[in-house]
Number of protein chains: 2
Amino acid sequence: MDYFFSDNINGLKPSAIREILKLSSKPGIIPFSAGNPASEAFPTKAIAEISNNILINDPGSVLQYSVTEGYAPLREHLKNTLIGDGLFFNDDGILITSGAQQVMNLTAKAMANRGDVVICEEPSFIGSLNAFRSFGLRLVGVPVESDGMNIEALEKALEENNNIRFIYTIPNFQNPSGVTMSLEKRKAVYNLAVKYNVLILEDNPYGALRFKGEEVQSIKSLDTEGIVIYAGSFSKVLAPGIRVGYALANKNIISKMTVCKQTDDVHTNLWAQMVAYEFLTKYDFKNHLIKIREVYRRKAELCMGLVEKHLAPKGVEYYKVEGGLFVWCRLPEDVDMLDFTMKALENKVAVVPGTAFLVDEEKKTNWFRINFSTPSDEQIERGIEILGSLL
Amino acid sequence: MDYFFSDNINGLKPSAIREILKLSSKPGIIPFSAGNPASEAFPTKAIAEISNNILINDPGSVLQYSVTEGYAPLREHLKNTLIGDGLFFNDDGILITSGAQQVMNLTAKAMANRGDVVICEEPSFIGSLNAFRSFGLRLVGVPVESDGMNIEALEKALEENNNIRFIYTIPNFQNPSGVTMSLEKRKAVYNLAVKYNVLILEDNPYGALRFKGEEVQSIKSLDTEGIVIYAGSFSKVLAPGIRVGYALANKNIISKMTVCKQTDDVHTNLWAQMVAYEFLTKYDFKNHLIKIREVYRRKAELCMGLVEKHLAPKGVEYYKVEGGLFVWCRLPEDVDMLDFTMKALENKVAVVPGTAFLVDEEKKTNWFRINFSTPSDEQIERGIEILGSLL
């Protein structure tokens, strides 16, 4: 049979880049292309202990259907934490999701029609861009600089496009660039969103992984107008395999997103929600964060030191990062980036070509992304040495 | 701010019925309105044991990101089982989902455009109808009779509508009617789908819960043309809170649904997939099914006996069921169904008004649904006695 597929999904074509990514998961390959948090940062012993308690003491409720909004004690705990952090406003609500990816999905589904516009940082996280594309939304990119979005380009995009529904941003340790948006720019983005009557989708998967420098307050904490949808995640501070995240936004938005989630998957796996709740409230979460930040600091500094040693002398530029999982590198102008990443793969080193993070993957760029949390120390050392030798 | 919501979601209005459902979850209410499987049928001890083993022996892989398609050993096991049952064809593939509800979501998302038509049984499961509505699909209802869809009405619907993408059916112990489609009608539905070039979405959450009568072969087992998407679920045979189901269909369809799932939630909670796999392969699953069928048989027969005793003499008709969770009852013509369900609720008995399961909730119907798996035996006895006294 010749199947009919939705126009939105037919638009999501597999690209040359995705073929490279497929090859890069083969054994023996140094996985700079991954986006996995460091497994050694997972609190595995605590999770096993918590899980055992839940399944022995309260199996009836952990195994039965539950409410779409999420496990009530977890929502209550998050609310109190977010009030403490100045992110939760009086008219806000919280929805627990099956990972933060689902916040992107639900925002696109609830808050925009096919053909409407999303303004995003360029480069940006391909998983979110594809979530928006999968609802037929049109992406307009705004260049990222060392301190976040270019504000003039943002205002131009807001001025020139119709039916803009939201601005998508990862203000902390952005994926793939690793840069953090300055407070000044956060305020500018917020004020422009108010002026042009569009929402902001603030995605913060890496915020807790700061190992250096001063924390910058979130855009949500400025949100007196109720225009920010904040996506929180437990994938990096707890574990991604459990798939738990949350949306924080004005109650009216949360209520529509809840309707969408009910039709999408009824509710998030309850065991995972209970494990997250118990870990956040009955274990020393602060100390856990201190420990995992140290894991990331060590790997990031190892990686940047080697980039400095093997790649910088050959003309590679990069952003110094203070948290997150990635180092974003630019090849000299006379090197063809796609050729280079292909040659790296032939030499068993997988990096992600920068084109994967663009609104239009056909556009030319000389950037590529290195992930330092997945490979071992030895792999980082050997991998970057190989990249250097190819230049 | 005056929020903009997508046209698809704005169409999903909260109805009077949903208000009744909200009231019905209050404590002290006899919950005939629920759709929960019986908690006493969950293999809680085995799940605790399995979970503990996984988290102690293999915490690294259960907590890390995984592939969208699903846990490979679970997919392989399902494939072999489905081959044995004659459901898996050469060009088929399997996608593990976050509950079977996600199969409805992914089918609507991948296989239809806004405004396209889905033909569904009427009455049918509100969760699936709302999933289709949430993508702006137009529902056309075909009446359900004691042996399944009215085939003349189905052909008329296929004849009269354009851009029909799929026929949605629950052939075993349908929700809400409890009826099972005859083999003759399954073949007729399949042949009509082939003739009119539309897909079939076969939803089978209750098939394993047959406690009486002969099993009828699934529509998927007839599928030489690759036009059936089969939705399987572990919610009733294992536990719903873990949220694991699967889609079985031609590889080209599975591949598009996988793209959609990746943008929706990346992958299904890995712990739940591993628990399901271990339970299916290392425990006596067949014996578990025998035990839970007995739980359902006892409750169903208790319920139908009481309907016979207290309601039938007052003119209530119902379908005798051989499995599933529901008994579907029709009030005499001179009784106003919505009034009756409201009065029942005032007397602390919650049933679901039949209008909740219609394509157009404004249409008149005299049916209502009783769930027998959630309430205790005492609640079933008292509840049906109260319903009888109200007539």
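The values are calculated or read from the model by the stated rules, or taken from the named source; none is laboratory data. Source: prediction; values computed, not measured. FYI the Cβ positions are ideal-geometry reconstructions off the backbone, even for glycines, and counts take in every protein chain you see.
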Select from the stretch A:38-54 the residues that are touching a Phe, Trp or Tyr at 6+ places or on another chain (Cβ under 8 Å) and facing chain B (nearest Cβ under 8 Å) and list them in ascending order. A:Ile47, A:Ser51
Hits in the stretch B:263-278 (condition: more than 7 Å from chain A (Cβ to nearest Cβ) and part of a helix (DSSP H, G or I)): B:Gln273, B:Met274, B:Val275, B:Ala276, B:Tyr277, B:Glu278
Can you name every one of the helices (runs of 4 or more DSSP H) wholly within the stretch B:27-103 that holds 3 or more residues which are under 17 Å from B:Thr258 (Cα atoms) and not hydroxyl-bearing (Ser, Thr, Tyr)? B:72-84
Looking at B:Glu184, B:Glu159, B:Glu121, B:Glu152 in this structure, which one is within 22 Å of B:Tyr246 (Cα to Cα) and acidic (Asp, Glu)? B:Glu121
Identify all residues within the stretch B:114-132 that are of a type in the set (Gly, Ala, Ser), over 16 Å from B:Phe326 (Cβ atoms) and surrounded by fewer than 21 Cβ atoms within 10 Å (Cβ to Cβ); write none if there are none. B:Gly115
Of (1) out of contact with any Pro (no Cβ under 9 Å at 6 or more places or on another chain); (2) part of a helix (DSSP H, G or I); (3) under 20 Å from A:Leu358 (Cβ atoms), A:Cys120 fails just (2)
Residue check for B:Val259: in contact with a Pro (Cβ under 9 Å, 6 or more places away or on another chain) and more than 28 Å from A:Gln262 (Cβ to Cβ): no
Can you tell me which condition A:Asn8 does not meet? The list is (1) modelled with pLDDT under 90; (2) in a helix (DSSP H, G or I), and all the others hold. (1)
Within the stretch B:226-246, can you find the residues that are more than 7 Å from every other protein chain (Cβ to nearest Cβ) and either part of a loop (DSSP other than H, G, I, E, B) or within 25 Å of A:Glu69 (Cα to Cα) (or both)? B:Ala231, B:Gly232, B:Ser233, B:Phe234, B:Ser235, B:Lys236, B:Val237, B:Leu238, B:Val244, B:Gly245, B:Tyr246
Please work out which residue is nearest to the other protein chains (Cβ to nearest Cβ), limiting yourself to the stretch B:90-107 and to residues that are touching a strand residue (DSSP E or B) at 6+ places or on another chain (Cβ under 8 Å) and surrounded by fewer than 24 Cβ atoms within 10 Å (Cβ to Cβ). B:Asp91
Restricting attention to the stretch B:349-372, the residues that are in a loop (DSSP other than H, G, I, E, B) and either modelled with pLDDT of 95 or more or hydrophobic (A, V, I, L, M, F, W, C) (or both) number exactly 6
Within the bounds of the stretch A:169-183, is there any residue that is in contact (Cβ under 8 Å) with a residue 40 or more places away in the chain and part of a helix (DSSP H, G or I)? no
Taking the condition of being outside any loop (DSSP other than H, G, I, E, B) and closer than 17 Å to A:Ile170 by Cβ, how many residues in the stretch A:189-216 meet it? 12
Among the residues of the stretch A:75-87, is any within 30 Å of B:Phe135 (Cα to Cα) and either crowded, with 19+ Cβ neighbours inside 10 Å or at pLDDT 95 or above (or both)? yes
Mind listing whichever residues of the stretch A:108-127 are β-branched (Val, Ile, Thr) and either facing chain B (nearest Cβ under 9 Å) or touching a helix residue (DSSP H, G or I) at 6+ places or on another chain (Cβ under 7 Å) (or both)? A:Val118, A:Ile119, A:Ile126
Identify all residues within the stretch A:250-260 that are more than 10 Å from chain B (Cβ to nearest Cβ) and either crowded, with 24+ Cβ neighbours inside 10 Å or among the aliphatic types (A, V, I, L, M) (or both); write none if there are none. A:Ile254
Output the number of residues of the stretch A:300-324 satisfying the condition of being of a type in the set (Val, Ile, Thr) and more than 18 Å from the chain's Cα centre (by Cα). 2
Log entry, pairs with first residue in the stretch B:374-391 being free of Cβ contacts under 8 Å to residues at least 60 places away in the same chain, second being assigned to a loop (DSSP other than H, G, I, E, B), beta carbons closer than 8 Å, six or more apart or on different chains, reads B:Leu390/B:Asn347
Looking at the stretch A:213-242 only, could you name the residues that are among the basic types (Lys, Arg) and modelled with pLDDT under 95? A:Lys236
Please enumerate the residues belonging to the stretch B:186-214 that are more than 30 Å from B:Asn162 (Cβ to Cβ), among the basic types (Lys, Arg) and surrounded by 16 or more Cβ atoms within 10 Å (Cβ to Cβ). B:Arg210
With (1) under 23 Å from B:Ala208 (Cα atoms); (2) within 13 Å of chain A (Cβ to nearest Cβ) as the list, and B:Gly86 as the residue in question, which single condition is left unmet? (2)
Tell me, which residue of the stretch B:133-156 that is in contact (Cβ under 8 Å) with a residue 60 or more places away in the chain and surrounded by 24 or more Cβ atoms within 10 Å (Cβ to Cβ) is nearest to the other protein chains (Cβ to nearest Cβ)? B:Ser134
Looking only at the stretch B:38-74, and only at residues there that are at pLDDT below 90 and within 30 Å of B:Asp377 (Cβ to Cβ), the one that is surrounded by the most Cβ atoms within 10 Å (Cβ to Cβ): B:Ala41
Note on A:Asn130: of the conditions (1) closer than 27 Å to B:Asp7 by Cβ; (2) more than 14 Å from chain B (Cβ to nearest Cβ); (3) touching a residue at least 60 places away in the same chain (Cβ under 8 Å), unmet is (2)
